[in-house]
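The values are calculated or read from the model by the stated rules, or taken from the named source; none is laboratory data. All figures in this text were calculated on a predicted structure; none of them were measured in a lab. Here Cβ is always computed from backbone atoms with ideal geometry, including for glycine, and neighbour counts include all displayed protein chains.
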Amino acid sequence: MATEIKPLHGEGRSMFGLSGIWGELSAEFFGTFVLLAFGDGVVAAAVAGLPGSGRTGGPTVIFNGVGGWLLITWGWAFAVALAVYVAGGVTGAHLNPAVTLGLAVRRRFSWNKVLPYWGAELLGAFFGGLLVYMVYGPAIQAFDIAAKAIPQQGTALATYSIFATFPAAYFHGSSLGPLIDQIVGTAFLLIFVLALTDGRNSVAPQGNMGPLLVGIAVAAIGMSYGPNAGYAINPARDFGPRMVAWIFGWGKTAFPGTFSSGAFHFSNYFWVPIIGPLIGAVVGVMLYDWFIGDILASRMKKGETPDPGRTVPTE
């Protein structure tokens with residue numbers, strides 16, 4: 001059925017071409033747009049939409065127990081899975097500058113495409129965050145009014161969290177702990193992505209299950225490591241919507257990422273969810289290849305076949 005669908009503007013479409021690098025950038029842009037539209041969208045629903053619509057105990061009641069956090073982690077999981085389904089047929093759906101870098105380091109992805117992919121991913125994340133603001137703007141404003149929070153004065157941290165991340169109070173303003181957190185979380189992300197997409201791995205998912213399992217991997221990271229720093233694990237996912245928040249009034253809380261309220265404070269935080277994931281991606285790729293990938297490659301080169309203890313029964 002799909003092979004019978006003709007291109008909307010024919011084979012001669014000149015803007016964002018149907019093939020080559022422009023086609024890849026188009027897919028990365030749109031896939032990342034979908035990722036943020038639903039990822040930031042679920043945070044907006046939890047923080048502003050549900051309280052403001054009367055579906056919680058009050059207009060400012062959020063994260064009542066662990067339910068709110070589970071809503072967000074599973075919402076982001078579905079956002080990742082659906083975005084990969086959308087763009088995967090064209091680029092494999094990086095949707096993350098850290099993933100793009102990791103694949104360039106060890107997976108023969110062209111270094112010439114790294115910066116263009118980063119640009120497309122960042123733009124997609126920005127417009128995804130912008131869509132969320134357009135849809136949830138009234139709910140966000142209602143929440144801030146009820147909470148007596150003013151974004152321009154740096155007191156609206158709850159609604160800012162819809163768009164970008166910040167460290168937990170127990171880090172006492174230090175960037176080291178959140179940086180380590182982002183390195184660890186993104187390293188695991190790359191390990192899981194490579195394991196799930198490595199055709200040499202006899203237990204890699206078959207058919208169309210890969211994107212769903214990548215989403216589950218993101219949920220696992222969020223549940224295990226998310227509270228430390230919001231598990232950005234994606235520079236575009238954080239920086240693009242951060243710029244949306246900066247443009248629409250969250251000021252220095254968004255950029256450069258500075259907040260102070262009593263004992264809770266952090267300063268110039270914007271670089272942590274950028275540098276941490278980039279480092280973590282390289283670490284994750286190296287770890288996967290050292291412990292798994294190189295072994296699989298060596299066995300394939302020698303023509304070894306897995307013994308029954310290394311395979312999954314089919315019946």
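So the values come out like this:
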item	result
Any pair with Cβ under 7 angstrom, 6 or more apart, that starts in the stretch 273-297 at a residue that is at pLDDT below 95 and ends at one that is among the hydroxyl-bearing types (S, T, Y) and crowded, with 19+ Cβ neighbours inside 10 Å	none
Qualifying position, being over 24 Å from G249 (Cβ atoms), among the β-branched types (V, I, T) and at pLDDT 95 or above, among I150, I162, I183	I183
Selected residue (only one of L101, L82, L123, L95 is within 16 Å of R237 (Cα to Cα), modelled with pLDDT of 95 or more and in a loop (DSSP other than H, G, I, E, B))	L95
Subset of the stretch 281-298 [out of contact with any Leu (no Cβ under 7 Å at 6 or more places or on another chain) and under 18 Å from A232 (Cα atoms)]	V283
Filter result for I191 (in a loop (DSSP other than H, G, I, E, B), in contact (Cβ under 8 Å) with a residue 40 or more places away in the chain and either of a type in the set (S, T, N, Q) or surrounded by 16 or more Cβ atoms within 10 Å (Cβ to Cβ) (or both))	no
Where a residue in the stretch 92-114 is farther than 19 Å from W290 by Cβ and its partner, wherever it lies, is small (G, A, S), with Cβ under 6 Å and at least six apart	A93/G31; A93/A87; L95/G31; L95/A83; P97/A236; W111/A104; V114/A104
Among (1) farther than 30 Å from A149 by Cβ; (2) at pLDDT 95 or above, the one test that P205 misses	(2)
Any pair with Cβ under 8 angstrom, 6 or more apart, that starts in the stretch 34-56 at a residue that is outside any helix (DSSP H, G or I) and surrounded by fewer than 24 Cβ atoms within 10 Å (Cβ to Cβ) and ends at one that is of a type in the set (G, A, S) and modelled with pLDDT of 95 or more	S53/A139
Residue within the stretch 16-30 that is out of contact with any Cys (no Cβ under 7 Å at 6 or more places or on another chain), at pLDDT below 95 and of a type in the set (A, V, I, L, M) present	yes
Conditions (1) touching a His at 6+ places or on another chain (Cβ under 9 Å); (2) over 21 Å from S261 (Cβ atoms); number of the one not met by A120	(1)
Any pair with Cβ under 7 angstrom, 6 or more apart, that starts in the stretch 7-31 at a residue that is closer than 19 Å to G119 by Cα and ends at one that is assigned to a loop (DSSP other than H, G, I, E, B) and at pLDDT 85 or above	E28/H94; E28/L95; G31/A93; G31/L95
All positions within the stretch 136-162 that are under 18 Å from I247 (Cβ atoms) and in a helix (DSSP H, G or I)	Y136, G137, P138, I140, Q141, D144, P151, Q152, Q153, L157, T159, Y160
Scan of the stretch 108-117 for residues that are in contact with a helix residue (DSSP H, G or I) (Cβ under 9 Å, 6 or more places away or on another chain), assigned to a helix (DSSP H, G or I) and surrounded by fewer than 20 Cβ atoms within 10 Å (Cβ to Cβ), ordered by number	W111, N112, K113, V114, P116
Filter result for A156 (small (G, A, S), within 23 Å of G257 (Cβ to Cβ) and in contact with an Asp or Glu (Cβ under 8 Å, 6 or more places away or on another chain))	yes
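Yes/no per residue for (1) of a type in the set (V, I, T); (2) within 18 Å of the chain's Cα centre (by Cα):
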| site | (1), (2) |
| --- | --- |
| V114 | yes, yes |
| F126 | no, yes |
| Y160 | no, yes |
| G177 | no, no |
